[in-house]
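Q: I am attaching a structure below and will ask some questions about it afterwards.
Please treat every number below as a calculation from the coordinates, not as lab data. Given the structure is predicted, the values throughout are model-derived calculations rather than measurements. Cβ coordinates were reconstructed from backbone atoms using ideal geometry, including for glycine residues, and neighbour counts include every protein chain displayed.
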């Protein structure tokens, strides 16, 4: 009778060990490939946004749109598609109310909604914010994210990019203050960047069911060591009175920055430059911001 030889226990353990070694070698490579794909997708969004700005400028004597963070003579954060100090806490507002603040309410869709029809280009794909996402994300639904981007009828609508065109709301921190380009011919050309900021308490920023979770201090568009996915951002709770250096947890964090000539550059967070906004919000920009 012919006997069929099977695997011995030793042979089976050797095979398992070889597979484990191969997985250990391949997993970091797969993670890097996945991160590279995310960065490329994020960069594509930023290029579309820059193209939209340039299209607007072509019809407006090289002028870029007003920044949605500007409210009359005051400034809000650069991480907004919509902001009106008059109605920000109200949420849903009427068309008549939008009209009543037309001289100070510069929601992004007012200038770019017919050019950049999909609001997703203002958000890093990692955030998974969709144009048809129900808004607000907690409480009673009153519309969709994209609808409010285009109509301006929700007066506080955050996005995950820092919109830096026509933005002059950063104070100087021992260096020249940031001067966002107002025209395509200006010498400063940085117009969009993945968000990296520090805030202490910001319920209007949270997309999660519990707005109190937004008390996490550091927020970034991309993930970094120790960060929680406090939607739509990756966030790290840390009290910090010294902003001369970012937490070491961000040593490997990479972000994208987009410029008016259409190119998008990847940079390391630890090389970024610190700016403040009314001493309440802190942002870090690429060192190539001029």
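Q: Sort 186-196, 97-107, 154-164, 227-237 for me by packing, meaning the mean count of neighbouring Cβ atoms within 10 Å per residue, highest on top.
A: My ranking of the peptides, most packed first, is 154-164, 186-196, 227-237, 97-107.
Q: Show me the ranking of peptides 267-275, 74-82 by mean Cβ neighbours inside 10 Å, starting with the highest.
A: Packing order, densest peptide first, comes out as 74-82, 267-275.
Q: A further question follows. Tell me the label-point distance for the pair residue 251, residue 10, using the 7 Å Cα-to-Cβ offset, in nm and rounded to one decimal.
A: Inter-label distance under the simple model: 4.3 nm.
Q: Assuming R0 = 22 Å, can you tell me the calculated FRET efficiency for the pair residue 114 and residue 74, based on Cβ-Cβ distance, to the nearest 0.05?
A: For residue 114 and residue 74, the calculated efficiency is 0.20.
Q: Counting other beta carbons within 10 Å of each residue's own, what order do 150, 110 fall into, fewest first?
A: 110, 150
Q: Set the Förster distance to 41 Å, then compute FRET efficiency between residue 17 and residue 140 from the Cβ-Cβ distance, nearest 0.05.
A: The formula returns an efficiency of 0.15 here.
Q: State the Cα centre-to-centre distance between the range 91-141 and the range 212-290 in whole Å.
A: Taking the Cα centre of each part, the range 91-141 and the range 212-290 sit 23 Å apart.
Q: Next question, about the same structure. How many nm separate the modelled label positions at residue 188 and residue 131, each set 7 Å beyond the Cα in the direction of the Cβ?
A: About 3.1 nm separates the two model spin labels.
Q: Another question, if that's okay. Given a Förster distance of 35 Å, report the FRET efficiency between residue 200 and residue 61 from their Cβ-Cβ distance, rounded to the nearest 0.05.
A: Once rounded, the FRET efficiency stands at 0.30.
Q: If the label point is 7 Å along Cα→Cβ of residue 95, which residues in the range 137-169 have backbone nitrogen under 18 Å from it?
A: In the range 137-169, the label zone of residue 95 (backbone N under 18 Å from the point 7 Å along Cα→Cβ) covers 143-144, 147-155.
Q: Run the numbers for residue 244 and residue 102: contour at 0.36 nm per residue of separation, minus the present Cα-Cα distance, in nm.
A: Going from the current span to full extension adds 47.2 nm.
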